[in-house]
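The values are calculated or read from the model by the stated rules, or taken from the named source; none is laboratory data. All values derive from a computational prediction rather than experimental measurement. Positions of Cβ are backbone-derived with ideal geometry, glycine not excepted, and every protein chain shown enters the neighbour counts. Just the protein is used for accessible areas: all its heavy atoms, side chains included, with ligands, DNA and RNA removed. Shrake-Rupley method; radii C 1.70, N 1.55, O 1.52, S 1.80 Å.
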Amino acid sequence: MTSPTQSLAPRIGITGLSTYGRRSAEYRAYSDHVQAAGGIPILLGTPHHRLPANLGGLLLAGGEDVHPQHYDATPHVTYHGNHRRDAAEIALVTAALAQELPILAICRGCQLLNVVLGGSLVQDIPSQTPDPLLHEDGVRHAIAIPAGSRLATLLGTTVSTVNSYHHQAVSRLAPGLMVNARTTDGTIEGFEPGPDASPLSFLMGVQWHRELETPQDSVSQPIFRNFVESARTFRTR
Ligand code: MN
């Protein structure tokens, strides 16, 4: 028997355990934000190819480069990836999309989700973007958020500042998505479904790791809350 409170708390699968490890700061940050938003973090094992039953949402964590074979490109010299993790996470995302499970995708997760939906990636921002900003080492940069997007509604603003730990980014955006955050060198920093998508489902990719900053982070907290709320709705619909 589960108590009513437990049954209302949605289980959120979190990928990337093989890369981060259970005790890492990254994993704690993901788990803490899920819990603070009212969800139960379920750490997916190494590697996990099947979605556990009764999940309310899937959090695609950061990590290595997605192999460019998945978007019909050849690897750039900087490629550093993990084939087993790609295979496992592509299977998980494909299953999650088929169920319309709420998905929050962070950094590598954002890139992977775009690839699975049919998009492509900039393989190395420093060498493949004209006048690139620095996007590594946690450097902060501004983002512009289109008015009317779900992200703008959640954050209550059309400008923000994010940290940056990536050398790749979305290049060709997958069909059905719209950019919801972009920075001054043109790099896509986030996406969500386009205006024709069902408002019932939650799908969002973000390139930053603001969740690493504080448990009360003003950018991550509203996103995780809306994600977990959508996961709760998914389980009860
Ligand atoms: Mn960035």
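Listing for the model above:
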| item | result |
| --- | --- |
| Qualifying residues in segment 146-160 (those that are touching a strand residue (DSSP E or B) at 6+ places or on another chain (Cβ under 6 Å) and under 18 Å from F227 (Cα atoms)) - the one surrounded by the most Cβ atoms within 10 Å (Cβ to Cβ) | L151 |
| F227 within 15 Å of the ligand (Cβ to nearest atom), closer than 21 Å to G176 by Cα and either of a type in the set (G, A, S) or surrounded by 21 or more Cβ atoms within 10 Å (Cβ to Cβ) (or both) | no |
| Enumeration of residues in segment 161-172 that are closer than 24 Å to S201 by Cβ, surrounded by fewer than 19 Cβ atoms within 10 Å (Cβ to Cβ) and within 16 Å of the ligand (Cβ to nearest atom) | none |
| Residues that are more than 16 Å from Q69 (Cβ to Cβ) and crowded, with 19+ Cβ neighbours inside 10 Å, drawn from segment 123-145 | I125, H135, I143, I145 |
| Every residue from segment 178-205 that is closer than 27 Å to E136 by Cα, out of contact with any Leu (no Cβ under 7 Å at 6 or more places or on another chain) and away from the ligand (no atom under 13 Å from the Cβ) | M178, L203 |
| Conditions (1) surrounded by fewer than 16 Cβ atoms within 10 Å (Cβ to Cβ); (2) in contact with a Phe, Trp or Tyr (Cβ under 6 Å, 6 or more places away or on another chain): number failed by G176 | (2) |
| Strands (runs of 3 or more DSSP E) contained entirely in segment 156-221, each with at least 1 residues that are farther than 20 Å from V66 by Cβ | 159-164, 177-182, 188-193 |
| Residue that is farthest from the ligand (Cβ to nearest atom), among those in segment 112-151 that are in a helix (DSSP H, G or I) and either among the small types (G, A, S) or under 20 Å from R85 (Cβ atoms) (or both) | V116 |
| Test: residue in segment 9-19 that is over 26 Å from P175 (Cα atoms), of a type outside the set (K, R) and open to solvent by 40 Å² or more (accessible area, probe 1.4 Å) | yes |
| Some residue of segment 92-100 being of a type in the set (G, A, S), in contact (Cβ under 8 Å) with a residue 12 or more places away in the chain, surrounded by 15 or more Cβ atoms within 10 Å (Cβ to Cβ) and more than 16 Å from the ligand (Cβ to nearest atom) | yes |
| Which numbered condition I106 fails, given (1) among the β-branched types (V, I, T); (2) farther than 21 Å from M178 by Cβ; (3) surrounded by 24 or more Cβ atoms within 10 Å (Cβ to Cβ) | (2) |
